[in-house]
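See below for the structure under consideration.
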Amino acid sequence: MIWNDEYETMPREALEALQLKRLRAVVERVYATVPFYRRRLEEAGVTPDSIRSLEDLRRIPFTTKDDLRQNYPYGLFAVPLKQVVRIHASSGTTGKPTVVGYTRRDLETWSELMARSLASAGTTKDDVVHNAYGYGLFTGGLGIHYGAERIGATVIPMSGGNSRRQVMVLQDFGSTVITCTPSYALHLAEVAEEMGVDPRSTRLRVGVLGAEPWTEEMRKEIEERWNMQAIDIYGLSEIIGPGVSIECEEAKHGLHIFEDHFIPEIINPETGEVLPYGEEGELVITTITKEAFPVLRYRTRDITYLIPEPCICGRTLVRMRRVKGRTDDMLIIRGVNVFPSQIEEIIMATEGVEPHYLLIVDRDPETRLDTLEVQVEVSEALFSDEVRRLQSLARKMERDIKEMLGISAKVKLVEPRTIQRFEGKAKRVIDNRKLA
Ligand code: DLL
C-alpha cells in the first residue's frame, strides 16, 4: 500500500529536480551554520552556488562516524539547541555515543516516513501494532511509534524485554503487526512455545523487522514459525532512524529508499570511487531535508547495492538490496573476507540445527594463523541422537563453509538453548584477536 502517492511514485525526472533543489538548499544551510562543513567544503573548493547538478554531489567530501565523534555532542547541529525538540543517540560499542537532534519539522518528516514504511508493509488504521523495539535513546521505539500513530493504527508501546509478558500481550491484545529485530522475533517464538502458545495461532500477520543484518533464509524461518509476512526495514540514527528504506509487501525484494529525503550512493569502501547501479559497495547517504542534523555524504559502512529497475508496487524509488553486513563486522580470516550473514545462510540451509549461532575468531598462538569456530545449536530431536550423527552433521557444515566461502572453520554443535538470546540487536561474533 502506498501512503504518499505524490512522492513515492513521482516520475524520476521530477524527483531528480526536487533532489537537486533540496541538495542546494542543504549545502547552503550547513555552509552557513556548521563550521565543520564550511571548512570541509572550502577545502574541497565547493561553494553552495557551485552545486548545479546532482553530479556535483561527488565533489562534496564524505562525512564519517569519526567526524561525528569528534564533534560530540552537538558540534554538527545546524540549528541552535532551543529549536531542537528531541535527542537520540546510537549506543556504539566503544566510547561515546553518536548524538543526533530533531526539530519539530524533523519529527514531522520522520513520522511521515515511518507512516510510509509501515504502509509499505501493509499496515492500516485497522491494525494493532505491537512495538517491541526499545524505547529510549535508540531510534527504533519512538520512530515506529509515531509512524504507527500517524497511520491511525492502535499502538502498543511494549519496548524490549520481559518476553513472557510480551507473548501474553501479543495474544490477549490481538496484535496484528509486530515490530522488533529479526533475532527477537525468533526468540519470542521460542518463548511462546515454552509457554505452550503456538506462535502460528496468534493474529499476527506481518512483522516489520530490522536494525540488524538478516538473511533470506532467516526470513523464511520467521515467516514459518509465526505464520506471518516478514518485511525488512532499514535505517540508522545518523540519518534519521528507521524509515530510510523498506521493502514493499508486493515484491519483498529490495528496500525502497525515500529519495525525496535521502540521496543514496554506493562507493568502493577502499578508494571512495562512486560505483554504478548494481555494483556492491558501501552505502553513502546525504540527507536533503533534515534541519537539526543534516549530513552530507555520510558513510554508513553498510554493504549493499542499488536496484534501479521499476518495481511491481508502482513506487519509482530506487531499491537497495538487503544489507549484507557492515564493513566493520566483516571478518578477515586468513586473508579471506567473510560476513557473518554468509555463514548464517549456510547454517539456515542445514537440516537439524537451530537458527542460533555464534562465531568465535581467534589466533593460534603457535602458528599465528586465524581460526574460526562456528557454534550452532542443534534441535532437541537431534541432540538426543547418536554422537556419530552429530559429528557427521558438523563435518558436513565444515565442508559447506569451505566450499562456499573458501575458509576452514571448526563447527561445534552445542546443546539447545545455550547460545545467548537478544532483545535488541544480536551479537554474533566474538573476535578474540582484537584482545591480543
Ligand atoms: O538500528 C535504526 C532502526 C531501528 C532500523 C529499527 C530499523 C528498525 P542504529 O542503532 O543507529 O539505528 O543502527 C544502524 O544498524 O547502519 C546497519 O548496520 C544496521 N541495520 C539497521 N537496519 C538494518 C537492516 C537503527 N534492515 C545500523 N538490515 C545500520 C541490516 C541493518 N542492517
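For segment 40-67, how many residues are open to solvent by less than 20 Å² (accessible area, probe 1.4 Å), assigned to a loop (DSSP other than H, G, I, E, B) and more than 13 Å from residue 298 (Cβ to Cβ)?
Summing the residues that are open to solvent by less than 20 Å² (accessible area, probe 1.4 Å), assigned to a loop (DSSP other than H, G, I, E, B) and more than 13 Å from residue 298 (Cβ to Cβ) in segment 40-67 gives 2.
Can you tell me how many residues within segment 68-105 are part of a loop (DSSP other than H, G, I, E, B) and either under 20 Å from the mean Cα position of the chain (by Cα) or in contact (Cβ under 8 Å) with a residue 60 or more places away in the chain (or both)? Give the derivation first.
Step one: filter segment 68-105 for residues part of a loop (DSSP other than H, G, I, E, B), giving 71-80, 91-97.
Still in the running and either under 20 Å from the mean Cα position of the chain (by Cα) or in contact (Cβ under 8 Å) with a residue 60 or more places away in the chain (or both): 76-79, 91-94, 97.
Of the residues in segment 68-105, 9 are part of a loop (DSSP other than H, G, I, E, B) and either under 20 Å from the mean Cα position of the chain (by Cα) or in contact (Cβ under 8 Å) with a residue 60 or more places away in the chain (or both).
Can you find a residue in segment 378-392 that is among the acidic types (Asp, Glu) and touching a residue at least 40 places away in the same chain (Cβ under 8 Å)? Give the steps one after another, and end with the answer.
To start, the set of residues in segment 378-392 that are among the acidic types (Asp, Glu) comprises 380, 385-386.
Checking the rest, the ones that are also touching a residue at least 40 places away in the same chain (Cβ under 8 Å) come to none.
The answer is no, given that none of the residues of segment 378-392 is among the acidic types (Asp, Glu) and touching a residue at least 40 places away in the same chain (Cβ under 8 Å).
When both residues are 6+ apart or on different chains and their Cβ atoms are under 9 Å apart, which pairs have a first residue that lies in segment 415-432 and is farther than 16 Å from residue 211 by Cα, and a second that is part of a loop (DSSP other than H, G, I, E, B) and open to solvent by 40 Å² or more (accessible area, probe 1.4 Å)?
Going by the 9 Å Cβ cut-off, the qualifying pairs are 420/427.
Mind listing whichever residues of segment 314-347 are away from the ligand (no atom under 16 Å from the Cβ) and open to solvent by 20 Å² or more (accessible area, probe 1.4 Å)?
Matches in segment 314-347: 314, 316, 332, 334, 335, 336, 337.
Could you grab the pairs with beta carbons closer than 9 Å, sequence gap of 6+ or different chains, first residue in segment 198-214 and within 16 Å of the ligand (Cβ to nearest atom) and β-branched (Val, Ile, Thr), second one modelled with pLDDT under 95 and in a loop (DSSP other than H, G, I, E, B)?
Final answer for the pair search is none.
Consider segment 275-314. How many of its residues are touching a Phe, Trp or Tyr at 6+ places or on another chain (Cβ under 6 Å), more than 30 Å from residue 80 (Cα to Cα) and not in a loop (DSSP other than H, G, I, E, B)?
Looking only at that region, the number is 1.
Does residue 79 satisfy being open to solvent by less than 40 Å² (accessible area, probe 1.4 Å) and of a type in the set (Val, Ile, Thr)?
Details: open to solvent by less than 40 Å² (accessible area, probe 1.4 Å): yes; of a type in the set (Val, Ile, Thr): yes.
Here the answer is yes, as residue 79 does meet what is asked.
For segment 244-274, which positions are out of contact with any Gly (no Cβ under 6 Å at 6 or more places or on another chain) and not in a loop (DSSP other than H, G, I, E, B)?
Scanning segment 244-274 gives 245, 246, 255, 256, 257, 262, 263, 264, 265, 274.
In segment 288-313, which residues are crowded, with 21+ Cβ neighbours inside 10 Å and aliphatic (A, V, I, L, M)?
288, 292, 295, 296, 303, 306, listed by residue number.
Collect the residues in segment 225-242 that are closer than 12 Å to residue 121 by Cβ, more than 8 Å from the ligand (Cβ to nearest atom) and either touching a residue at least 60 places away in the same chain (Cβ under 8 Å) or surrounded by fewer than 21 Cβ atoms within 10 Å (Cβ to Cβ) (or both), keeping them in residue-number order.
Taking segment 225-242 and keeping what is closer than 12 Å to residue 121 by Cβ, we get 228-233, 242.
When the remaining residues are screened for being more than 8 Å from the ligand (Cβ to nearest atom), the result is 228-231.
Within segment 225-242, 229, 231 meet the criteria.
Select from segment 243-274 the residues that are of a type in the set (Val, Ile, Thr) and buried (at least 20 other Cβ atoms within 10 Å of the Cβ) and write down the one among them that is farthest from the ligand (Cβ to nearest atom). So that I can check it myself, show each step before the final result.
Applying the first criterion (of a type in the set (Val, Ile, Thr)) to segment 243-274 yields 244, 246, 257, 263, 266-267, 271, 274.
In the following step, the residues that additionally are buried (at least 20 other Cβ atoms within 10 Å of the Cβ) were identified as 244, 246, 257, 263, 266.
Details: 244: 8, 246: 9, 257: 12, 263: 17, 266: 14 Å.
Ranking the candidates gives 263 first.
In the set 328, 302, which member is modelled with pLDDT under 95 and within 19 Å of the chain's Cα centre (by Cα)? Step through it out loud before you land on a result.
Details: 302 fails: modelled with pLDDT under 95.
Checking each option against the conditions leaves just 328.
Across segment 275-287, which residue is surrounded by the most Cβ atoms within 10 Å (Cβ to Cβ) among those that are hydrophobic (A, V, I, L, M, F, W, C) and closer than 18 Å to residue 36 by Cβ?
So in segment 275-287, the residues hydrophobic (A, V, I, L, M, F, W, C) come out as 275, 283-285.
Narrowing the set further to residues that are closer than 18 Å to residue 36 by Cβ leaves 284-285.
Details: 284: 24, 285: 26.
By that ranking, first place goes to 285.
The values are calculated or read from the model by the stated rules, or taken from the named source; none is laboratory data. Predicted model only: the values in this text are computed from it and were never measured. Here Cβ is always computed from backbone atoms with ideal geometry, including for glycine, and neighbour counts include all displayed protein chains. Note: areas computed on protein heavy atoms with side chains; ligands, DNA, RNA excluded. Shrake-Rupley method; radii C 1.70, N 1.55, O 1.52, S 1.80 Å.
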